[in-house]
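This report refers to the structure that appears directly beneath it.
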Amino acid sequence: MYDYLQSNFSHDSSPPFQGVPKTFSRVVDLCSFDPQREGVPPITFLQQVLAVCFYPELLSDENFALDVRQRARRLIQSCEGSSVGCYTPSSGLVYIQHRIAEFITRRDAGVPTDAHSIFICSGFWRTLTMMTKLLSSSEGEPQNGVLVPLPYPHTLAMVLGLAGIRSVPYRLREDTGWAMDLEELQRAIRTARGCCRPMAIFISNPGNPTGHVQNRKSIEEVIKFAAAEKLFLLVNEVDQHSVHGSGIQWVSYKKVLFDMGPKYWEGVQMASFHSLSNGLMGECGLRAGYMELVNVDKEVMIFAETLLNMDISSPVPGQLALDILLNPPQPSEPSYDLYTQEILTNLATLTENALRAHDFLNSLPGMSCQPAVGGFYVYPRVDLPAEAAGVEADVLYCQELLEEQGVCVGAGSENGNTGGEYHLRLDPSSNTPTRKHALVRLGAFHLRFLDSYSCGPHLETP
Amino acid sequence: MSQHRLVNPLVRNIRALKRGALVRQAVRIEEEIKQGMKKPYNEVIDVSRDNPHATGMKPMSFSRQVIASCIYPELIDSDKMPLDVRERAKTLLECIGGSVGCYSDTIGIPIMRDSVSDFLTRRDEGVPSASGNIFITHGSDHGFGLLLTMLVRGDRSPLVGVLTPVPSQDFGNALVASGATAVPYYLDGQQGWRLHTEELQRALRSAREVCDPIALYVINPGDPTGHVQSRESMEEIIRFVYEEKLLLFANEDHQDILIGEGCMFISYKKVLAEMGSPFSDAVELASIHSASKGFMGEGGLHGGYLELVNFDPSVQIEFDRLISLLGLPIIGQLALEVMLNPLQPGEPSYEQYQEHIRETLVHNVTRAFEVLDSLPGISCEPINGGASMFPRLHLPHIAIHQAKEEEKLPDFFYCSRLLEQTGLCVCPGSDLGLPEGTYHIRYKAPPTLNTNVFIILLLLFITSPYLQSENRPVSECLNFLKLPYN
């Protein structure tokens, strides 16, 4: 489906399907998280600091607040040759690695962090790709496997496939808001051992696309399971700043691991991932994220660095932006008020839109949606009429929706949900009139779709 | 649990570059300086990487002003910036969707790709370029990596081979990392590092015994060699790939810097087009360029492109799919755009921009070459393009012996001592694939640093018995060599 979208549409507004009359003039993409494109404003402090970093003559411009100029000065100094244009070491600027380490230690109430185990990379997927390359087996050896959640982030299958790694799913429990299920994990590992060499378990917390946030007990269960089965933990924590459910506390896997004491803290190996693209800044175009390796041999870390050397490091502006994401202005600083206001506004906007989409979809017959409390995905189950069901019925549904209404949503089969249950995947971002209207059109399409099955012609399969 | 087994053997086979060890040494030295340890120098000067801004070249003001204004659009409305900056930023901001934080299209923003193809058509004097064949990249290494990923799909036996020039940057490692194998062809170190077709044929013959060679990788202007190919030489290469049915990958990243008197750069695309049928319809060519080198030197921004010529459309679709996982930075595309659409005479920022080009690299590289080649113990092939210096060291036997005692390669040994004693970090030639027996170092000519000063430092290492005794202070050696340079 993603391929279909990519091959037919780009971000410009020229009408697709030249020559075919359509009821819409522009495709509205409701499944890619690109908030700034949809009008969610960038954060002023970030824009100002980066602009000054690029053009240091602005350091003497007093129209920029003092903290902007001080931050920019510090960041410029951290760059090779005081220029954002210079190459950095392959795992990122040393100063930024330290700043990330500071952030992690603060976030996790004092758990020690070694700056040398932080690898800055060009976005989450790139980092994960690198990690999987490290983990994959070679010709002649049994295939390595990774336990993956079902549903999983839709690009995960491709990343693992490219590395020649077998993915073995463990089902999340939809009826409990997509929580992890220990029995399911155990069933999955048994299956895995029968067909590959399971080495790792991939977890998204907050969940992608489910929006589930694990509680401490659940995390402990997973850690114990990984320890018992000698699995490497690959933890996707890119949405950690986007927790919005009331009363929900997100805690990092690293913190829980530490609190579990030496037995686990000294044994379980983990890579946790974070990125600039998600969350409230939505700086997708800057391309930066990082990976923290915990309890991994220095030798293996050197391999990771070697691989990164061969690969693309994170562009410098992205690395600098990471510093701002993770170490925002403090209450005593001039930019604090505006910064906080903008962040909270973005959080409110994104949350509101996710909830609005959630409520709207839930109200449609045949759709039911678990509440999402972290991240801004909306992942409703769609009960398709029996006549419509079939292989990839959700893909066909999405294709029809796209062609008829110009609204693009993701098909749940891209998240691994195949065979009998159908889901859609949305990432509503903003509340522009276009997007609000797109949701309405989705609803109208859905009702017509259901209607056509109760008394209309059968869906023609291409 | 042993973690070693976790690591994919493919990765374990990647040769640890000596440069990595030097970088670690440099970091350690910098820490020591910070902690107040006394040294004969107070900073490390790293000329081993392509970081001209670190050695005195100023970033291009116009480019930086435009990008800063795109990042913080309030600058467009203020009059801090010259008019041409504001107008360019305004246009670009519209093209990228209003913010540098948006996602880019996976193969690049359409307007940027159009910009690239316009530039190419202009550069190649009318040879048409279609934006459908242009892919935006993070830079040349990324472009090369993409091509390799496309070639090497799944476990193949025999291994896919790529003919790769020696010497060249990090010889072979990118290939190993992608599961291919590098087949070396040796450039002629006595004749300005030119390519000989006989050598290509020899390499190909030997390759066919151990792998499936599919492509020829050329770098023009050469890096680190500084060789700029003549049209005749390029035509020979094209005939060679045509006959042997190889893909041609041309890394043309240094095309902007031409040093040699009367030296001209022609693109492989232009030569291919002008050779006419059957070559121009059949040879599959991929050309790479970026904003990382040359007078932009904006390697940290990650802006580059790749152009495919005569590739099968189905291959291009596969290519599209492969790179869809990546994100392209918007800022890198802005830098690329400014590089390809430079200022025109008459625009307010033009004067300053022109001066910038004239004043920098060309003059200093020429000067550096003259001095280097005249020193005893060092010889240098003529540099016609690019900004790499690649002198050959005639190391004294004592030094070679000492290196072997310490189980180090002689050129790495030299670089390590040079770094420790003078703070100057250069790259050992052994990383570039050259066989044992000759020793080279490679460094990027600093644009405005007093080239003479550190060349003198280099000289000290050859002529003074420095390599045995670590206690000679630098100042003493400076006196020893009363050189008439200023």
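The values are calculated or read from the model by the stated rules, or taken from the named source; none is laboratory data. Keep in mind it's a predicted model, so treat the numbers as computed, not measured. Here the Cβ is made from the backbone with ideal geometry for all residues, glycine too, and neighbour counts use every protein chain on show. In case anyone asks, the SASA skips ligands and DNA or RNA and just uses the protein heavy atoms, side chains included. Shrake-Rupley method; radii C 1.70, N 1.55, O 1.52, S 1.80 Å.
Observations on the structure shown:
- Two-site label geometry, residue A:98 and residue A:116: point separation in nm, points 7 Å out along Cα→Cβ: 1.5 nm
- Relative to one another, the C-alpha centroids of region A:241-285 and region B:363-401 are positioned 52 Å apart.
- A Förster radius of 22 Å combined with the Cβ-Cβ distance from residue A:418 to residue A:383 puts the calculated FRET efficiency at roughly 0.90.
- Mean Cβ count within 10 Å, highest first, over the residues of peptides A:148-160, B:178-190: A:148-160, B:178-190
- At an R0 of 45 angstrom, the distance between the Cβ atoms of residue B:125 and residue A:105 translates into a FRET efficiency of 0.15.
- Accessible surface for residue B:315 stands near 40 Å², nearest 10, in the context of the full protein assembly shown (1.4 Å probe).
- Rh by Kirkwood over Cα pairs, then Stokes-Einstein D for chain B at 1.567 mPa s and 4 °C, µm²/s: 54 µm²/s
- Net charge dipole size for the protein assembly as shown [Lys, Arg +1 and Asp, Glu -1 on Cβ; Debye, nearest 20]: 1860 debye
- Hits among lysines - C-alpha to C-alpha of residue B:269 under 30 Å, sequence gap 8 or more where chains match: B:245, B:293, B:444
- The label point for residue A:363 and the one for residue B:344, both projected 7 Å from the Cα toward the Cβ, are 5.6 nm apart.
- Solvent-free Debye calculation, one equal scatterer per alpha-carbon of region A:70-326: log10 I(q)/I(0) at 0.11, 0.12, 0.16 Å⁻¹ equals -0.58, -0.69, -1.25.
- Virtual spin-label span in nm between residue B:35 and residue A:345, 7 Å along Cα→Cβ: 4.8 nm
- P(r) tail, chain A: Cα-Cα pairs separated by more than 45 Å, 12% of all pairs.
- Projected onto their three principal axes, the Cα atoms of region A:280-374 cover extents of 55, 44, 26 Å, largest first.
- Computed over the protein assembly as shown, the per-residue total of -39500 (n - 2.57) for DSSP H runs of n ≥ 4 gives a 222 nm mean residue ellipticity of -13000 deg cm²/dmol, rounded to 500.
- Averaged over the residues of A:50-62, the number of partner chain Cβ atoms lying within 10 Å of the residue Cβ comes to 5.
- Total lysine pairs in region A:70-326 at Cα distances under 25 Å, for residues eight or more apart or on different chains: 20.
- Using a Förster distance of 25 Å, the FRET efficiency for residue A:26-residue A:448 (Cβ separation, nearest 0.05): 0.75
- Working note: Cα atoms of the protein assembly as shown, range along each principal axis, descending, whole Å: 94, 68, 65.
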